[in-house]
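Structure record follows, encoded as structure tokens.
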Amino acid sequence: MIHVGVIGATGYAGSQLVALLANHPLVEITYLASHSYAGKRFSDIYPSLFSSCDLTLEEEDIEEASKRCSVLFLALPHALASKLVTPAILERCIIIDLGADYRLSDASVYESWYKTTHLSKDLLDQAVYGLCELKREQIAKANLIANPGCYTTASILTLAPLVAHQLVDSTSLIIDAASGVTGAGRSEKIDSLFCECNESYKAYGVTIHRHTPEIEQELGLLNQAPLVVQFTPHLVPMNRGILATCYANLKEGVGEEDISKAYQDFYADEHFVRLLGTTLPETRFVRNTNTCAIGWKVDKRTNRVIAIGAIDNLIKGAAGQAVQNMNIRCNLGETTGLPTTVACPL
């Protein structure tokens, strides 16, 4: 059994992570921390996990946690992990950070987009970007794994085969993505209140959303040259899910068969990518699963491909991918403890 812990266990991503870990057959949860609820049982905060996880929540103490855990998950806002993680901690345990602090390889890019100082720049060379389908070999050797953002996961997985196979003009990439309200986190915000979200649909973070440099960094690596994307996120009045609609101009001579073959080749044997071809995905197809569903259409009139990806933002976009990273790193079997199909299609 792998001993695991979660710091930030009562937020949306953290609680989803605890739920997955509590049902994982090869792990034992030995440490849960929450500053807001220290001293209470986890199941007092989330009664749906009564008898599945009754562990008492503790105050955050990464030094103590690293001694009691083989794998420690950090489900914290940005700028906190870089303050906590040290070389000594990484010698004792594996850190999987669900925040943004180790996703960007260039500290100056991080500081520019997040408007804060990175406090452990010396660790960036050790960090591996934890998008499992692209970085599996590196993840298997890493002690510091940066779990990708939710919008990022959906966008990169949807566009990766087109960019890697050089089928599209890399200067033409546009991403319109929509997220459920849990993507905003569990803290109290006016924009997340029911009356502010319900019966409304809006764009936000236009031109400044912090997942943009992640998408550009990873697609740029696949492109073998830097690129720029136009990324616009939207808020949808639903609890969970992300739908990323991605547009790109096709290179001369590229047709539907080339696109289909690129996706099939790129994601051959991937457990958590479901290719729908010209059937377009919906968020309900992947709700409560660790699956990314992808479909595409070619518009011959405009010579563009429209590729659409759907994920559950709390699972494949956060907690599920973190468990997938743990499974790869600890050689537990990549699919262990992770849902791949919806319990009910309705």
>> At 1.4 Å probe size, put I294, I208 in order of accessible surface, largest to smallest.
In response: I208, I294
>> Taking amide H atoms as placed 1.01 Å from N in the peptide plane, list the residues 5 or more away in sequence, or in a different chain, whose amide H sits under 5 Å from that of H78.
In response: A100
> Put a dot 7 Å past each Cα toward the Cβ at T86 and K297; how far apart are the dots in nm?
Replying inline: 5.6
> Does a label point 7 Å from the Cα of D122, set along Cα-to-beta-carbon, have any residues of segment 77-103 with amide nitrogen under 11 Å, and which are they?
Replying inline: 86-88
> So what J values fall out for segment 94-110 if you push phi through Karplus, 6.51 cos²θ - 1.76 cosθ + 1.60 with θ = phi - 60°, rounded to Hz, Gly and Pro as x?
Replying inline: 8, 9, 10, 9, 7, x, 9, 5, 10, 6, 9, 6, 9, 4, 5, 5, 4
> Taking K115 as the anchor, which aspartates and glutamates have their alpha carbon closer than 17 Å to its alpha carbon, excluding any fewer than eight residues away along the same chain?
Replying inline: D101, D106, E214
> Can you list the lysines whose alpha carbon is less than 19 Å from that of K297, not counting same-chain residues fewer than 8 positions off?
Replying inline: K251, K261
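How much accessible area per residue does the chain have, counting only protein heavy atoms and a probe of 1.4 Å, in square angstrom? Before the final figure, lay out the partial values.
Details: 15140 Å² over 346 residues.
Heavy-atom accessible area per residue stands at 44 Å².
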> Once phi is turned into ³J(HN,Hα) by the Karplus curve 6.51 cos²θ - 1.76 cosθ + 1.60 with θ = phi - 60°, what whole-Hz value does each residue of segment 275-291 show in order, with x for glycine and proline?
Replying inline: 8, 9, x, 8, 7, 8, x, 10, 5, 5, 5, 10, 4, 6, 10, 9, 9
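Within the accessible area of the chain, what % is carbon and sulfur when the probe is 1.4 Å and the other protein chains stay in place?
50
Applying 1/(1 + (r/R0)^6) with R0 = 41 Å to the Cβ-Cβ distance of E256 and H3, what FRET efficiency is obtained, to the nearest 0.05? Could the numbers behind the result be given before it?
Details: r = 49 Å, r/R0 = 1.21.
After rounding to 0.05, the efficiency reads 0.25.
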> Could you give the nm distance between label points at T171 and K202, where each point is 7 Å from its Cα heading toward the beta carbon?
Replying inline: 3.5
> What full-extension length gain, to one decimal in nm, is calculated for C344 and E63 as 0.36 nm per residue of separation minus the Cα-Cα distance?
Replying inline: 96.9 nm
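Students sometimes get this wrong: rank H118, H78, H234 by accessible area, probe 1.4 Å, all chains present, largest first.
My answer, sorted largest first, is H78, H234, H118.
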> For labels at A184 and E137 in the simple 7 Å Cα→Cβ model, what's the distance in nm?
Replying inline: 4.3
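Counting alpha carbon pairs within less than 8 Å and at least 6 residues apart, what relative contact order, in whole percent, applies to the chain?
Working: 771 pairs, mean separation 60.1, N = 346.
Here the relative contact order equals 17 percent.
The values are calculated or read from the model by the stated rules, or taken from the named source; none is laboratory data. Quantities reported herein were computed from a predicted structural model and do not represent experimental measurements. Virtual Cβ from ideal backbone geometry, glycine too; neighbours counted across all protein chains shown. For the accessible areas, the whole protein counts, side chains as well, though only heavy atoms, and no ligand, DNA or RNA atoms are used. Shrake-Rupley method; radii C 1.70, N 1.55, O 1.52, S 1.80 Å.
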